[in-house]
Amino acid sequence: MTTPARFRQADVARLVRGAVEGGWPVGSFQVVVDGSRLSLLPAPPAPPPVAASEDSEGAWTARMAAWRKSG
């Protein structure tokens, strides 16, 4: 039985450099390691920013409290 092929930092750098040179903006993709295979996938969309007015009503504080309890 053979061991899986390994990749090096240079391989990751080459993959990312190729994506950027191919027109993908930095931050629009993620590097995925599946066993010994590297691949690029589009990054999930970023959540919308929280408006400052929401925090004045305490909604942000309530959301953070609920998030802490969920873990």
Checklist entry - Roughly how many debye, to the nearest 20, is the charge dipole of the range 1-44 about its Cα centre, given +1 on each Lys and Arg Cβ, -1 on each Asp and Glu Cβ, and no other charges? => result 140
Checklist entry - Using the reciprocal of the averaged 1/r over all distinct C-alpha pairs, how large is the Kirkwood radius of the range 1-44 in Å? => result 11.4
Checklist entry - Sorting Thr2, Thr61 on the 10 Å Cβ count, fewest up front, what's the list? => result Thr2, Thr61
Checklist entry - Using the 10 angstrom Cβ neighbour count as an exposure proxy, how do Trp67, Trp60 rank, fewest first? => result Trp67, Trp60
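A short reminder: the numbers here are calculations on the coordinates, not readings from a lab. All of these numbers come straight from a predicted model, not from anything done at the bench. Because the Cβ atoms are built from the backbone with ideal geometry, glycine has one as well, and the counts that use them run over all protein chains shown.
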